[in-house]
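Scroll down for the structure; my scribbles are underneath it.
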Amino acid sequence: MNVDAPLPLVALVDDDDDLRTATTQLLTLNGFEVRPFAEPASALAAIGSDFAGVVVTDVRMPGMSGIELFAALHARDPELPVVLITGHGDVEMAVNAIKAGAWDFLTKPFDPDTLLAAVTRAARARTLSLDNRQLRALAQAQADDALIGDTPAIRRLRAMIPMLANAALDLVIEGAVGVGKEHYARLVHRAGRRSRHRFLKIDCATVPAELVERELFARNGVIQRAHRGTLFLDNLGRAEPDLQNRLARLAETRALALESRDPDPVDLRIVASIEEGSRDQVLPALFHLLAGVPLRMPPLSERTADIPLLFAHFVAAAAKSHGCPLPPLADHAHRLVARSWPGNVLELEKTAERICLGLEESDAGQAAQASLPERLDAFERAAIVDAVTNANGEIAAAIDALQLPRKTFYYRVKRLGIDLRALRRRP
């Protein structure tokens with residue numbers, strides 16, 4: 001266990017002093033922080049919706065039963081794991097609580113290893129649940145900014161948007177493929193007075209020489225249509241020398257000759273993008289005319305701490321676009337941090353979309369590092385999901401295919417965190 005990480009937290013509710021003391025010692029010796037309660041009412045008062053742990057409670061207690069305590073906690077936070085300790089006569093009651101959302105139940109006298117295994121799984125699930133909440137909240141909080149991230153470089157770039165929006169300066173944005181150079185240019189455009197007019201893009205790497213005059217510099221061509229708006233010159237370093245010379249004259253004069261004695265003025269901001277390390281491919285005169293503010297968009301390898309936030313943002317957008325349920329965010333996000341991202345933010349966005357659609361499998365290395373119980377859970381989860389999907393969401397047919405008792409099926413669905421409603425909606 002990481003000594004710097006906080007101990008997993010367990011709220012233990014039991015009116016039996018001896019059993020409460022013994023269970024507290026068992027959990028404490030196995031690396032849990034235990035908060036014992038002798039009565040359900042005091043536990044209910046102390047456990048909020050942000051409780052970062054697991055609740056273990058006896059069922060039969062005076063005043064308020066463990067089932068009633070679970071119901072009250074579940075109404076407050078449906079994702080809070082509650083493990084019930086029952087007598088043999090309370091098993092049916094506990095099974096009904098499982099169907100209602102309880103995490104697990106153990107019958108007395110319970111095996112200590114069984115309790116530890118149940119609480120360990122529940123604590124892991126609670127951590128992921130709270131991580132998911134935090135990711136969703138942070139991604140939503142930054143959705144209006146549209147430049148997602150919290151690393152210092154991204155915070156600086158985000159803070160510059162309102163300052164650049166109405167400044168009478170051209171920009172050169174440098175960065176690797178897929179870092180979001182055009183996205184940043186559009187954010188600056190939308191934030192200022194030019195947002196009422198067009199944002200027009202020229203991919204300098206793909207413009208044939210014969211179209212430069214006819215499509216770009218002609219009357220009502222791309223450049224003139226960007227009047228009072230923003231002209232975005234993508235891949236400027238890959239433009240032909242003749243095009244670079246023409247753009248240099250445009251940047252200097254802000255006018256189009258159009259074969260007339262009096263050039264037509266154009267009021268526009270020019271924003272150019274160049275690939276990382278390609279400044280020497282741009283004519284010096286052109287670069288210095290445009291680089292009123294030179295900016296650099298960092299690659300994803302320099303901002304890995306932003307990957308969970310970006311992933312949450314892209315998955316939410318993909319789920320809304322495709323009408324699919326949100327996958328678990330935190331476990332995917334933590335795994336994705338370890339990847340290399342040669343395609344940067346664009347590659348991460350496409351990966352998030354594939355994960356949302358169920359088209360991307362987990363890394364083989366991740367599966368190989370999992371413990372045996374984790375691998376068994378993964379196999380069981382996949383079998384249940386496949387059965388429900390193959391049955392077109394008909395639960396009775398899925399139960400028959402799996403040859404499981406109905407109560408066992410629902411118990412395992414709850415324990416494994418499977419969202420049956422989402423599976424029924426899956427095409």
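Bear in mind these aren't lab numbers, they're just calculated from the coordinates by the rules spelled out. Please read these numbers as outputs of a predicted model, since none were measured by experiment. All Cβ positions, even for glycine, are placed from backbone atoms using ideal geometry, and neighbour counts span all protein chains on display.
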Need one number: nm distance between label points at Ala45 and His88, each 7 Å from Cα along Cα→Cβ, rounded to one decimal. 3.8
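In whole percent, what relative contact order does the chain give with Cα contacts below 8 Å and a gap of six or more residues? Write down the numbers at each step before the final one.
Working: 628 pairs, mean separation 56.3, N = 427.
Normalised by residue count, the contact order of the chain is 13 percent.
Just want to confirm a number: the relative contact order over region 13-114, from Cα pairs under 8 angstrom separated by 6+ residues, in percent. Spell out each step's value before the answer.
Values: 131 pairs, mean separation 23.1, N = 102.
Contact order relative to length: 23 percent.
Convert 10 °C to kelvin, take the viscosity as 1.306 mPa s, use the Kirkwood radius over C-alpha pairs of region 9-140 as Rh, and evaluate the Stokes-Einstein diffusion coefficient in µm²/s, rounded to a whole number.
Values: Rh = 14.8 Å.
Translational diffusion coefficient: 107 µm²/s.
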Just checking my list (1) 19.0; (2) 26.2; (3) 17.3 against mean projected area of the Cα convex hull in nm² computed from this structure; which label fits? (2)
Restricting to DSSP H runs of at least four residues, report the calculated mean residue ellipticity at 222 nm for the chain, -39500 (n - 2.57) per run over all residues, nearest 500 deg cm²/dmol. -15000 deg cm²/dmol
Degrees between helix 112-143 axis and first principal axis of the chain (Cα, 0 to 90, nearest 10): 30
Please work out how much length the chain gains when fully extended from Thr389 to Asp15, using 0.36 nm per residue of separation minus the C-alpha to C-alpha distance, in nm with one decimal. 130.2 nm
Could you line up Glu252, Glu380 from fewest to most neighbouring Cβ atoms inside 10 Å? Glu252, Glu380
Put a dot 7 Å past each Cα toward the Cβ at Ala52 and Glu360; how far apart are the dots in nm? 2.8
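How much length, in nm to one decimal, is gained on full extension between Arg155 and Lys350, taken as 0.36 nm per residue of separation minus their Cα-Cα distance?
67.8 nm is the gain from fully extending Arg155 to Lys350.
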Just how large is the dipole of the chain about the Cα centre, in debye to the nearest 20, putting +1 at every Lys and Arg Cβ and -1 at every Asp and Glu Cβ? 1540
R0 = 60 Å: FRET efficiency of Ala397 with Asp280, Cβ-based, nearest 0.05? 0.35
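With r as the distance between the Cβ atoms of Arg133 and Val177 and R0 = 30 Å, compute the FRET efficiency 1/(1 + (r/R0)^6) and round to 0.05.
Details: r = 33 Å, r/R0 = 1.12.
Computed FRET efficiency for Val177 and Arg133 comes out at 0.35.
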Computed about the Cα centre, the charge dipole of region 30-159 from +1 Lys/Arg and -1 Asp/Glu charges at the Cβ has a magnitude in debye, to the nearest 20, of 420
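Just the C-alpha atoms of region 207-277: what Rg/Rh do they give, with Rh taken as the Kirkwood radius?
Working: Rg = 12.0 Å, Rh = 12.6 Å.
Using Cα coordinates only, the ratio equals 0.95.
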Between Ala117 and Arg228, with labels modelled 7 Å along Cα→Cβ, what's the label distance in nm to one decimal, could you check? 7.2
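To the nearest 0.05, what FRET efficiency results for Arg406 and Ser340 with a Förster distance of 35 Å applied to their C-beta separation? Mind showing how you got there, number by number?
Working: r = 46 Å, r/R0 = 1.32.
Calculated transfer efficiency: 0.15.
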Picking from Ala43, Ala316, Ala396, which is most flexible by a Gaussian network model of the chain using Cα springs under 10 Å? Ala396
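With 10 angstrom as the radius, rank Leu404, Leu247, Leu348 by how many other C-beta atoms surround their C-beta, starting from the fewest. Mind showing how you got there, number by number?
Values: Leu404 17, Leu247 27, Leu348 21.
Placing the least packed residue first, the sequence is Leu404, Leu348, Leu247.
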Give me the count of lysine pairs in the chain whose alpha carbons sit under 25 angstrom apart, restricted to pairs 8 or more positions apart or on different chains. 10
If you average the C-alpha positions of region 245-311 and of region 52-67 separately, how far apart do those two centres end up, in angstrom? 64
Let me check the size of region 150-296 from its C-alpha atoms; what are the radius of gyration and Dmax in Å? 14.8, 52
